[in-house]
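Below is one structure; the comments refer to it alone.
The values are calculated or read from the model by the stated rules, or taken from the named source; none is laboratory data. Bear in mind that the values here come from a model prediction, so they are computed numbers and not experimental data. Neighbour counts are summed over all protein chains in view; Cβ atoms, including those assigned to glycine, are modelled from backbone coordinates with ideal geometry.
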Amino acid sequence: MLIGMAGHVDHGKSSIVRQLTGNDTSRLEERRRGLTIDLGFDYFETAHGSVSVIDVPGHESFINNMVSGAHGFDVALLVISAKDGIQRQTVEHLQILRAFEVRCIAVVISKCDLSDEAACRTLQNEVAKLFSLIPEEALPPFFFVSAKQATGFSLLREWIEKKRSECQRDLLTESLPFRMPIDRCFKKEGHGRIVTGTVLQGTVNVGDRLDLLSNDSEAIVRGIEVHQHVMPTAHSGERVALQISQRTGRDPSRGMELVAHQAFNVTQRSGAWIRPFSVDFPIKHNSELQLHTGTTKQSARILLSKPGVEHPFAAVLRFQEPIIITADQKFLLRSADGRHTLAAGRFFCPDFAEHCKPREILKLVEQIVSTNKETALQCWLDFHGEVKHDNGDFRQNIGGTNSELSLSLEKLLQAGSAVQVPHSEYIISSQRLKRIQSRLLEYLSTSRAEKSYFIEESSLVHHFRRDGSPPTIAYGVERLVQSGKLQREQNKLYLPQCNQQLSNHDAGQLKRIMNCYVGNRSGPTESELVIQLQLPKRKIRSLLELAYSNGELVHVGGGYIFTPEVLVNLWDAIVQLLSAKDTVSVGMIRDRWKLTRKHAIPLLEYFDSLGLTRRDQHLRKRGSKFQERLELLK
């Protein structure tokens, strides 16, 4: 469990940490100046396990350091001096705790030795009023202590013990890819480079290969310490120190993150849902602000869907430097000069935001945050049309757990709002599928108007590659074929009854073609037909395809074309030969057909493919379908 200290400068946070842990987390410079400048770290043991403590600075000049430590708190102690009461950073720190959704907050009234009991109770009432102004915030427990006299800490310890007993390891968070924002870096003699932080999610083991982002370099974990104990593994929610060896790139620093190898990408733009804190400092469109998320602090420009008033609103944030973002990740916005905390928010659609217009992002964010996960997933799917079935991608952009997303997707599939493309990883919205099918039919209608009646299926899939993946386009075609709106002849597609819509001119040309084959055992090939009739190759091919689909002509391969009647006569000749002998030679068949070898070989291969004959070296035998076809002819 991780406890964070919060409160105004000089209200006694570090003294309370010293009473809880027995150690002084202050650095030499901090002791000399009498105030906390940077984050301090310590821990203490309870009957239910260890408790980590982060002491954050309370002075307004170091509020950025406070924000860096606040992202992982399980519990927060808001320290308020009984002598000074509620101050500016008291309120600001409470806003920050709420921004990072720290749900468990206790108020510690410190320095009670400097005030009487009545004044302490009055202060308690004032703090209660402060909490009542925060939506959904319950009245916190109060503890009255004096670090100087070491009084009041037994009750505080009992409360912490109880919270520690209730704190269970989040198995869902632990199953996610490892991620740790870095809050401290240093070199230790004999150990090399050390980085520390709070593990946001996942686990890390000695020997793991990690990415250091946004440095775009790699690191190997050489050692792990959790509360000064050497461990083989560190888990989600723990304060850890990692000994790493780095191959290339700049040295790590606060604001960078160590993450599972190739599990995360960086981005410089994201959609966001923002909750402003005060109308006194409205957020203006296209203004530059300070962004704080995790241990990262940098400048960001904000694009608004509407003026930054007191109500939550959608926005697009553009960052000065690339950072890691996932959906539902919390952040804080402060004024560019760092004097005012303006708003809290959550990120959405970081992957999507890199490639789309701001108004599209704003619309999508508004849809996602105003609905449940099922509807949010539907919005995401409708906007993209087609996505890969990847809960990690859904979680990255719209948030939620794997189980939530799997259940939501199952409901969409059952309702027919989404379709799983067979034998692929793609999910397509039913709206996009209908639109693709409509465009396919429109394209084929246009092609027919241009007298190109048939289109190869592979060409059609390639033509619509911008509308969807090849499996999706092929699935759309298959659904049209099954419904009878399209017809397929081998690998060719055409609209039903297209031969009935031939123009008089095309009907005449088709008749000329048929005249070349009726009763002819050695008709021209397609290339020879182009020369013989003096027609364009495309026109010849289109009309031939039409004749194939109507059963008026058969293409046997090798460019050779016959009418069905001629093929029956040729088949009759083979039947006579194979009825008398078990095997016959190609020469015998060729002589009986009275054809040249260049015609005979493609014809025999065609009969082989139908199972009527079977090749045995240079001879032909009866095929598997020989007797069946023979019975039909009788």
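Out of Arg479, Arg512, I need the residue that is surrounded by 15 or more Cβ atoms within 10 Å (Cβ to Cβ), of a type in the set (Lys, Arg) and modelled with pLDDT of 85 or more. Which one?
Details: Arg512 fails: surrounded by 15 or more Cβ atoms within 10 Å (Cβ to Cβ).
Selected residue: Arg479, the only one of Arg479, Arg512 that is surrounded by 15 or more Cβ atoms within 10 Å (Cβ to Cβ), of a type in the set (Lys, Arg) and modelled with pLDDT of 85 or more.
Can you tell me how many residues within segment 179-192 are at pLDDT 90 or above and either farther than 18 Å from Glu238 by Cβ or among the β-branched types (Val, Ile, Thr) (or both)? First the steps, then the outcome.
Restricting attention to segment 179-192, the residues satisfying the condition of being at pLDDT 90 or above are 179-182.
Subset that is either farther than 18 Å from Glu238 by Cβ or among the β-branched types (Val, Ile, Thr) (or both): 182.
Final tally of qualifying residues: 1.
Considering segment 40-65 alone, what residues qualify as being at pLDDT below 60 and in contact with a strand residue (DSSP E or B) (Cβ under 8 Å, 6 or more places away or on another chain)? Please lay out each step first, then the result.
Taking segment 40-65 and keeping what is at pLDDT below 60, we get 58-65.
Across segment 40-65, the qualifying residues are Gly58, Ile63, Asn64.
Among Ala150, Ala138, which is the only one that is hydrophobic (A, V, I, L, M, F, W, C) and on the phi > 0 side of the Ramachandran plot? Let's see the steps before the verdict.
Details: Ala138 fails: on the phi > 0 side of the Ramachandran plot.
Just a single option satisfies the conditions, and that option is Ala150.
Somewhere in segment 369-391, is a residue at pLDDT 85 or above, surrounded by fewer than 18 Cβ atoms within 10 Å (Cβ to Cβ), hydroxyl-bearing (Ser, Thr, Tyr) and under 22 Å from Ser305 (Cα atoms)?
Yes: segment 369-391 contains one or more residues that are at pLDDT 85 or above, surrounded by fewer than 18 Cβ atoms within 10 Å (Cβ to Cβ), hydroxyl-bearing (Ser, Thr, Tyr) and under 22 Å from Ser305 (Cα atoms).
Please work out which residue is nearest to the chain's Cα centre (by Cα), limiting yourself to segment 394-428 and to residues that are closer than 22 Å to Ile473 by Cα and part of a helix (DSSP H, G or I). Even if it seems obvious, please write down each step before you answer.
Step one: filter segment 394-428 for residues closer than 22 Å to Ile473 by Cα, giving 409, 412-428.
If we keep only those that are part of a helix (DSSP H, G or I) too, we end up with 409, 412-415.
On the way: Leu409: 14, Leu412: 18, Leu413: 19, Gln414: 22, Ala415: 23 Å.
Among those residues, the one meeting the criterion is Leu409.
Please determine, by comparing only the residues of segment 346-356 that are more than 12 Å from the chain's Cα centre (by Cα) and at pLDDT 85 or above, which one is nearest to Asn265 (Cα to Cα).
By that ranking, first place goes to Phe347.
Considering only segment 198-226, state which residues are more than 20 Å from Ser175 (Cβ to Cβ) and buried (at least 18 other Cβ atoms within 10 Å of the Cβ).
Answer for segment 198-226, where residues must be more than 20 Å from Ser175 (Cβ to Cβ) and buried (at least 18 other Cβ atoms within 10 Å of the Cβ): Leu212, Leu213, Ser214, Asn215, Ala219.
List the helices (runs of 4 or more DSSP H) that sit entirely inside segment 531-634 and contain at least 2 residues that are surrounded by 17 or more Cβ atoms within 10 Å (Cβ to Cβ) and touching a helix residue (DSSP H, G or I) at 6+ places or on another chain (Cβ under 7 Å). Reasoning before the result, please.
On the way: elements: 537-549, 564-580, 586-593, 597-609, 626-633.
Qualifying helices (runs of 4 or more DSSP H): 537-549, 564-580, 586-593, 597-609.
Given the conditions (1) over 26 Å from Arg466 (Cα atoms); (2) modelled with pLDDT under 90; (3) touching a Ser or Thr at 6+ places or on another chain (Cβ under 6 Å), report the number of the one that Gln396 does not fulfil.
So Gln396 meets the others, but not (1).
Kindly indicate whether Glu404 is surrounded by 18 or more Cβ atoms within 10 Å (Cβ to Cβ) and either over 25 Å from Asn491 (Cβ atoms) or touching a residue at least 12 places away in the same chain (Cβ under 8 Å) (or both). If you could, list the steps in order and put the result at the bottom.
On the way: surrounded by 18 or more Cβ atoms within 10 Å (Cβ to Cβ): yes; either over 25 Å from Asn491 (Cβ atoms) or touching a residue at least 12 places away in the same chain (Cβ under 8 Å) (or both): yes.
It is true that Glu404 is surrounded by 18 or more Cβ atoms within 10 Å (Cβ to Cβ) and either over 25 Å from Asn491 (Cβ atoms) or touching a residue at least 12 places away in the same chain (Cβ under 8 Å) (or both).
Would you confirm whether any residue within segment 520-529 is among the small types (Gly, Ala, Ser), free of Cβ contacts under 8 Å to residues at least 60 places away in the same chain, assigned by TED's automatic domain parsing to the domain that holds Asp616 and outside any helix (DSSP H, G or I)? Steps first, please.
Going residue by residue through segment 520-529, those that are among the small types (Gly, Ala, Ser) are 522-523, 527.
Now restrict to residues that are free of Cβ contacts under 8 Å to residues at least 60 places away in the same chain: 523, 527.
Filter again for assigned by TED's automatic domain parsing to the domain that holds Asp616, leaving none.
Checked against the condition, which is being among the small types (Gly, Ala, Ser), free of Cβ contacts under 8 Å to residues at least 60 places away in the same chain, assigned by TED's automatic domain parsing to the domain that holds Asp616 and outside any helix (DSSP H, G or I), segment 520-529 yields no hits at all.
For segment 209-283, please list each of the strands (runs of 3 or more DSSP E) lying entirely inside it that holds at least 1 residues being in contact with a helix residue (DSSP H, G or I) (Cβ under 7 Å, 6 or more places away or on another chain). Steps first, answer last, please.
Numbers: elements: 209-213, 217-226, 239-246, 257-260, 266-276.
Because the criterion is at least 1 residues that are in contact with a helix residue (DSSP H, G or I) (Cβ under 7 Å, 6 or more places away or on another chain), the strands (runs of 3 or more DSSP E) in segment 209-283 that meet it are 266-276.
Just to check your reading of the model, which residue among Leu577, Leu567, Leu533, Leu495 is in contact with a strand residue (DSSP E or B) (Cβ under 8 Å, 6 or more places away or on another chain) and closer than 28 Å to Leu444 by Cβ?
Numbers: Leu577 fails: closer than 28 Å to Leu444 by Cβ; Leu567 fails: closer than 28 Å to Leu444 by Cβ; Leu533 fails: in contact with a strand residue (DSSP E or B) (Cβ under 8 Å, 6 or more places away or on another chain).
The match here is Leu495.
Residue pairs, Cβ under 6 Å, 6 or more apart or interchain, first in segment 241-265 and under 18 Å from Thr296 (Cα atoms), second surrounded by 19 or more Cβ atoms within 10 Å (Cβ to Cβ) and among the basic types (Lys, Arg). List them.
Here the result reads Val259/Arg179, each pair linking segment 241-265 to a residue that is surrounded by 19 or more Cβ atoms within 10 Å (Cβ to Cβ) and among the basic types (Lys, Arg).
Would segment 489-511 turn up any residue that is among the hydroxyl-bearing types (Ser, Thr, Tyr), within 30 Å of Arg597 (Cβ to Cβ) and under 57 Å from the mean Cα position of the chain (by Cα)? Can you show your working first?
The initial filter retains those residues of segment 489-511 that are among the hydroxyl-bearing types (Ser, Thr, Tyr), namely 494, 503.
Remaining after also requiring within 30 Å of Arg597 (Cβ to Cβ): none.
No: segment 489-511 contains no residue that is among the hydroxyl-bearing types (Ser, Thr, Tyr), within 30 Å of Arg597 (Cβ to Cβ) and under 57 Å from the mean Cα position of the chain (by Cα).
With respect to Leu123, determine if the residue is at pLDDT 85 or above, among the hydrophobic types (A, V, I, L, M, F, W, C) and more than 47 Å from the chain's Cα centre (by Cα).
Details: at pLDDT 85 or above: yes; among the hydrophobic types (A, V, I, L, M, F, W, C): yes; more than 47 Å from the chain's Cα centre (by Cα): yes.
So Leu123 passes the test.
Those residues that are in a loop (DSSP other than H, G, I, E, B) and either touching an Asp or Glu at 6+ places or on another chain (Cβ under 7 Å) or buried (at least 21 other Cβ atoms within 10 Å of the Cβ) (or both), I need them from segment 346-368; list them, please. I'd like the intermediate steps shown before the answer.
The first filter runs over segment 346-368 and keeps only residues in a loop (DSSP other than H, G, I, E, B), leaving 349, 354-357.
Across segment 346-368, the qualifying residue is only Cys349.
Can you tell me which residue is farthest from Glu425 (Cα to Cα) among those in segment 462-476 that are surrounded by fewer than 21 Cβ atoms within 10 Å (Cβ to Cβ) and more than 23 Å from the chain's Cα centre (by Cα)? Step through it out loud before you land on a result.
Within segment 462-476, the subset surrounded by fewer than 21 Cβ atoms within 10 Å (Cβ to Cβ) is 462-467, 469-471, 474.
Still in the running and more than 23 Å from the chain's Cα centre (by Cα): 462-464, 474.
Working: His462: 19, His463: 21, Phe464: 19, Ala474: 14 Å.
Checked segment 462-476; the qualifying residue farthest from Glu425 (Cα to Cα) is His463.
For segment 147-158, check the following and say yes or no: at least one residue is modelled with pLDDT of 90 or more and in contact with a strand residue (DSSP E or B) (Cβ under 7 Å, 6 or more places away or on another chain).
Checked segment 147-158: at least one residue is modelled with pLDDT of 90 or more and in contact with a strand residue (DSSP E or B) (Cβ under 7 Å, 6 or more places away or on another chain).
Can you name the residue in segment 1-39 that is within 21 Å of Asp74 (Cβ to Cβ) and at pLDDT below 75 and, of all such residues, is surrounded by the most Cβ atoms within 10 Å (Cβ to Cβ)?
That would be Thr36.
Scan segment 429-441 and tell me whether some residue there is over 23 Å from Trp273 (Cβ atoms), touching a Leu at 6+ places or on another chain (Cβ under 6 Å) and either part of a strand (DSSP E or B) or not aliphatic (A, V, I, L, M) (or both). Spell out how you get there, then give the answer.
The first filter runs over segment 429-441 and keeps only residues over 23 Å from Trp273 (Cβ atoms), leaving 429-441.
From what is left, the residues that are touching a Leu at 6+ places or on another chain (Cβ under 6 Å) are 429, 437.
This time we only want the ones that are either part of a strand (DSSP E or B) or not aliphatic (A, V, I, L, M) (or both), so: 429, 437.
Yes, because at least one residue in segment 429-441 is over 23 Å from Trp273 (Cβ atoms), touching a Leu at 6+ places or on another chain (Cβ under 6 Å) and either part of a strand (DSSP E or B) or not aliphatic (A, V, I, L, M) (or both).
Just the residues that are assigned to a helix (DSSP H, G or I) and either closer than 14 Å to Gln201 by Cβ or under 9 Å from the mean Cα position of the chain (by Cα) (or both), please, taken from segment 384-393.
Narrowing segment 384-393 to residues assigned to a helix (DSSP H, G or I): 384, 391-393.
Of everything in segment 384-393, those that are assigned to a helix (DSSP H, G or I) and either closer than 14 Å to Gln201 by Cβ or under 9 Å from the mean Cα position of the chain (by Cα) (or both) turn out to be Asn391, Gly392, Asp393.
Residue by residue through segment 284-295, note down the ones that are assigned to a loop (DSSP other than H, G, I, E, B), over 20 Å from Gly392 (Cβ atoms) and of a type outside the set (Ser, Thr, Tyr). Steps first, answer last, please.
Start the filter on segment 284-295 by keeping residues that are assigned to a loop (DSSP other than H, G, I, E, B), which leaves 284-287, 294-295.
Keeping just the survivors that are over 20 Å from Gly392 (Cβ atoms) gives 284-287, 295.
Matches in segment 284-295: Lys284, His285, Asn286.
Can you tell me which residue within segment 296-312, out of those that are in a strand (DSSP E or B) and at pLDDT below 90, is nearest to Arg334 (Cα to Cα)? Show your work before the answer.
At the first step, the residues of segment 296-312 found to be in a strand (DSSP E or B) are 296-304, 308.
Restricting the remaining residues to those that are at pLDDT below 90 gives 296-297, 304, 308.
Details: Thr296: 13, Lys297: 10, Leu304: 16, Gly308: 14 Å.
Residue satisfying both the conditions and the ranking: Lys297.
Considering Val568, Val554, which residue is among the β-branched types (Val, Ile, Thr) and farther than 17 Å from Gln627 by Cα?
Val554
Would you check if there is a residue in segment 491-503 being out of contact with any Gly (no Cβ under 9 Å at 6 or more places or on another chain), surrounded by 20 or more Cβ atoms within 10 Å (Cβ to Cβ), of a type in the set (A, V, I, L, M, F, W, C) and under 30 Å from Gly385 (Cα atoms)?
Within segment 491-503 (the criterion being out of contact with any Gly (no Cβ under 9 Å at 6 or more places or on another chain), surrounded by 20 or more Cβ atoms within 10 Å (Cβ to Cβ), of a type in the set (A, V, I, L, M, F, W, C) and under 30 Å from Gly385 (Cα atoms)), the answer is yes, since at least one residue qualifies.
Among the residues of segment 95-111, what is the count of those that are free of Cβ contacts under 8 Å to residues at least 60 places away in the same chain and in contact with a Gly (Cβ under 7 Å, 6 or more places away or on another chain)? Reasoning before the result, please.
Step one: of segment 95-111, the residues free of Cβ contacts under 8 Å to residues at least 60 places away in the same chain are 103-107, 109.
Restricting the remaining residues to those that are in contact with a Gly (Cβ under 7 Å, 6 or more places away or on another chain) gives none.
So the answer is 0.
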